[in-house]
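**Q** One structure, pasted below without further comment.
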Amino acid sequence: MIKLCFKKQMQTPQGLEWLDIDLNIGRGEFVTLFGKSGAGKTTFLRILAGLTEPQEGYIEVNGKVWYDSRQGISLAPRQRQTGFISQENTLFPHMTLRENLEYACGSKNLHGSIEEWIVSMGLKGIEDQKPDQVSGGQKQRAALIRALVCRPEILLLDEPLSDLDVPSRLDLQDKIISAYQKTGLTTILVSHDLSEVFKLSRKVFVMDHGRIIKSGAPGDVFVNDRFSGKFKFTGQIIEIQKDGVLNIVTLSIGNQLSRVVATDEEIAGLAVGSRVVVAAKAFNPLILSKDESF
Amino acid sequence: MQPLVLTFELALAVTGILFVIGVPLACWIAFSRSRFKYIIETIVSMPLVLPPTVIGFYLLVVFSPQHFLGHFLESVLGVRVVFSFAGLVIGSVIFSLPFMVNPIKAGLQNFPPGLMEASFCLGKSRRETLFRVILPNIKPALLTGIVMAFAHTIGEFGVVLMIGGNIPGETRLASIAIYNEVEALNYDTAGLYSLILVTISFFILLSFYYLNRKTLKIF
């Protein structure tokens, strides 16, 4: 069981705000912190890892007090041994992937374990390369092994997937799930990707302005609030072509291009570059599998 | 050749001593949150702006047997600092200190904090993180400090003349010998000393830039 109760003043784009946390996480749970940038998610993880000190509070992990402002207890990060993975690459650049893992093990004789992890995470054959010689996904997989191989008390994942392309992201999500199932480690993931939250965690804490405003199963927290029979996307006009009495408007929506027919009245006041909302309702959409496209 | 040998002995000794004291000092300056850090930084950088003769003069005064420290060293420990090789080493260490400390400090300050934090989270101590993670990744800065301190010591004149004087075989360095030979109108000898110094300094700097190029390529 992890008991967290702390306060920390943090600088956000909106000015000074208080990170005010009071929650418990069960041993072996996989939970997600979800929220906008500046909500305090990363600071939350850094406080837990001992990299940032709160103003006051109490942190207990599996029966051991890591931080108690009243008693003056504050364990250093190295005494806490959290498996911490951030979105930036923190593999040591002068070491090969294998040397990074061996460094994590230290004097503990875990070479069999390292080999097993290298194989199961699909790094066999590139383990003697340096980090700058492998892809972003491979780096994050190596970082995941490095965090796990020294057998931490908890695993803290600070948006480790955010800089990856979609195939690497999906692959690493699967690797995280299999690592979680293998180790049973209490895991806290920071994410602002809903599909990731649904896929990975059983419980989500929604943060806003330094506070937990909602918690529960992802389905309960998000679906009930956000369910809508209407599609609505934000896009940008990249071309308007006149075609008889109508206009064909080409839009960029996310990474997709889409063409929409519009009347002169509908495009009045709009030009190439205008940001628009494209909405559709009163029809039943088709759901097609995309798995084969990967 | 004696002045040249003495010069390189001095440069080696000073660089070794500066490396041993420069790395911890640079670490303290780079990572300390002390309010008085800027005072230490100012003292370390003073030789960059002071005329060498000023530092030489103060060292001469402090270490002269008429003053407390010089008297103590000579009467209790039997060490005479002024007009001796030991004096040259002390003066050169002080005078070349910023050339070792400042590049290493810059390397440490530019070192990504995420890498240090990753090492701490893996259960590693500050010392282990310094030796296994930080120092191997700031090799260009370390190399710059070593070469700058070495090259600067070879080229010293004012400080070493003030504290060491001009004793043949003991404190007469190449730079002083060149000055001596010119004063005695022995231009050939002065030219030979100068040519050797120029050649050796050129090759030291050349290998430094070559090695640094390779090091930067690795990282």
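The values are calculated or read from the model by the stated rules, or taken from the named source; none is laboratory data. No experiment lies behind these values; they were computed from the predicted model shown. Cβ atoms come from the backbone with ideal geometry, glycine included; neighbour counts cover every protein chain shown.
**Q** If I filter the stretch B:2-24 for residues that are surrounded by 17 or more Cβ atoms within 10 Å (Cβ to Cβ), more than 25 Å from B:Leu142 (Cα to Cα) and not aromatic (Phe, Trp, Tyr), do I get at least one hit?
**A** Looking for residues that are surrounded by 17 or more Cβ atoms within 10 Å (Cβ to Cβ), more than 25 Å from B:Leu142 (Cα to Cα) and not aromatic (Phe, Trp, Tyr), one finds at least one in the stretch B:2-24, hence yes.
**Q** Provide a single number: the residues in the stretch A:87-101 that are at pLDDT below 90 and either in a helix (DSSP H, G or I) or at the interface with another protein chain (Cβ under 8 Å from one of its Cβ atoms) (or both).
**A** Within the stretch A:87-101, residues that are at pLDDT below 90 and either in a helix (DSSP H, G or I) or at the interface with another protein chain (Cβ under 8 Å from one of its Cβ atoms) (or both) number 1.
**Q** Out of curiosity, is A:Thr90 touching a Leu at 6+ places or on another chain (Cβ under 9 Å), in the same structural domain as A:Lys199 (by TED's automatic domain parsing), under 30 Å from A:Glu115 (Cα atoms) and of a type in the set (Ser, Thr, Tyr)?
**A** Here the answer is yes, as A:Thr90 does meet what is asked.
**Q** Being modelled with pLDDT of 90 or more and closer than 17 Å to A:Pro93 by Cβ, is that true of even one residue in the stretch B:97-107?
**A** yes
**Q** Hey, can you tell me all the residues within the stretch A:50-85 that are out of contact with any Phe, Trp or Tyr (no Cβ under 6 Å at 6 or more places or on another chain), within 15 Å of A:Ile154 (Cβ to Cβ) and within 12 Å of chain B (Cβ to nearest Cβ)?
**A** Answer for the stretch A:50-85, where residues must be out of contact with any Phe, Trp or Tyr (no Cβ under 6 Å at 6 or more places or on another chain), within 15 Å of A:Ile154 (Cβ to Cβ) and within 12 Å of chain B (Cβ to nearest Cβ): A:Gly50, A:Leu51, A:Gln79, A:Gln81, A:Thr82, A:Gly83, A:Phe84, A:Ile85.
**Q** Would you mind finding the one in A:Val134, A:Val204 that is at pLDDT 90 or above and in contact with a Ser or Thr (Cβ under 9 Å, 6 or more places away or on another chain)?
**A** Exactly one of A:Val134, A:Val204 is at pLDDT 90 or above and in contact with a Ser or Thr (Cβ under 9 Å, 6 or more places away or on another chain), namely A:Val204.
**Q** Applying the selection to the stretch B:100-126, what residues are in a helix (DSSP H, G or I), without any contact (Cβ under 8 Å) to a residue 60 or more places away in the chain and either facing chain A (nearest Cβ under 8 Å) or closer than 29 Å to A:Leu75 by Cβ (or both)?
**A** Result: B:Pro113, B:Gly114, B:Leu115, B:Met116, B:Glu117, B:Ala118, B:Ser119, B:Phe120, B:Cys121, B:Arg126.
**Q** I've got another one for you. For the stretch A:1-75, which strands (runs of 3 or more DSSP E) that fit wholly inside it have 3 or more residues that are of a type in the set (A, V, I, L, M, F, W, C) and either within 30 Å of A:Lys199 (Cα to Cα) or free of Cβ contacts under 8 Å to residues at least 12 places away in the same chain (or both)?
**A** The qualifying strands (runs of 3 or more DSSP E) are A:2-12, A:15-25, A:30-35.
**Q** With of a type in the set (A, V, I, L, M), in contact with a Leu (Cβ under 9 Å, 6 or more places away or on another chain) and in a loop (DSSP other than H, G, I, E, B) as the only criterion, which of B:Val89, B:Val81 stands out?
**A** Sole residue among the options that is of a type in the set (A, V, I, L, M), in contact with a Leu (Cβ under 9 Å, 6 or more places away or on another chain) and in a loop (DSSP other than H, G, I, E, B): B:Val81.
Conditions tested, residue by residue: (1) surrounded by 13 or more Cβ atoms within 10 Å (Cβ to Cβ); (2) aromatic (Phe, Trp, Tyr); (3) out of contact with any strand residue (DSSP E or B) (no Cβ under 7 Å at 6 or more places or on another chain).
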position: B:Thr42; (1), (2), (3): no, no, yes
position: B:Gly56; (1), (2), (3): yes, no, yes
position: B:Leu73; (1), (2), (3): yes, no, yes
position: B:Phe83; (1), (2), (3): yes, yes, yes
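**Q** With the requirement that a residue be in a loop (DSSP other than H, G, I, E, B) and out of contact with any strand residue (DSSP E or B) (no Cβ under 6 Å at 6 or more places or on another chain), what does the stretch A:137-177 give you?
**A** A:Cys150, A:Arg151, A:Leu161, A:Ser162, A:Asp163, A:Leu164, A:Asp165
**Q** Among the residues of the stretch B:25-39, count how many are among the hydrophobic types (A, V, I, L, M, F, W, C), surrounded by 12 or more Cβ atoms within 10 Å (Cβ to Cβ) and over 27 Å from B:Ile154 (Cβ atoms).
**A** Summing the residues that are among the hydrophobic types (A, V, I, L, M, F, W, C), surrounded by 12 or more Cβ atoms within 10 Å (Cβ to Cβ) and over 27 Å from B:Ile154 (Cβ atoms) in the stretch B:25-39 gives 3.
**Q** On to the next question. List the residue pairs whose Cβ atoms are under 9 Å apart, where the first residue sits in the stretch B:207-219 and is within 24 Å of A:Gln129 (Cβ to Cβ), the second is exposed (fewer than 14 other Cβ atoms within 10 Å of the Cβ) and modelled with pLDDT of 75 or more, and the two are 6 or more positions apart or on different chains.
**A** Between residues of the stretch B:207-219 that are within 24 Å of A:Gln129 (Cβ to Cβ) and residues that are exposed (fewer than 14 other Cβ atoms within 10 Å of the Cβ) and modelled with pLDDT of 75 or more, the close pairs are B:Phe219/A:Asp132.
**Q** Filter the stretch B:130-145 down to the residues that are more than 7 Å from chain A (Cβ to nearest Cβ) and surrounded by 20 or more Cβ atoms within 10 Å (Cβ to Cβ), then identify the one that is farthest from the chain's Cα centre (by Cα).
**A** This residue is B:Ile134.
**Q** I've got another one for you. Just checking, which of A:Leu156, A:Leu161 is surrounded by 15 or more Cβ atoms within 10 Å (Cβ to Cβ), within 13 Å of the chain's Cα centre (by Cα), under 18 Å from A:Leu33 (Cβ atoms) and away from chain B (no Cβ under 13 Å)?
**A** Criteria check complete, one pass: A:Leu161.
**Q** Does the stretch A:127-134 include one or more residues that are under 23 Å from the mean Cα position of the chain (by Cα), away from every other protein chain (no Cβ under 14 Å) and under 23 Å from A:Ser168 (Cα atoms)?
**A** yes
**Q** Something else now. If you take the residues in the stretch B:146-158 that are surrounded by 24 or more Cβ atoms within 10 Å (Cβ to Cβ) and in contact with a Leu (Cβ under 7 Å, 6 or more places away or on another chain), which one is nearest to B:Leu108 (Cα to Cα)?
**A** B:Ala149
**Q** Being in contact (Cβ under 8 Å) with a residue 12 or more places away in the chain and either aromatic (Phe, Trp, Tyr) or more than 28 Å from B:Leu195 (Cβ to Cβ) (or both) narrows it down to one residue among B:Ala30, B:Ala11; which is it?
**A** Matching residue, one of B:Ala30, B:Ala11: B:Ala30.
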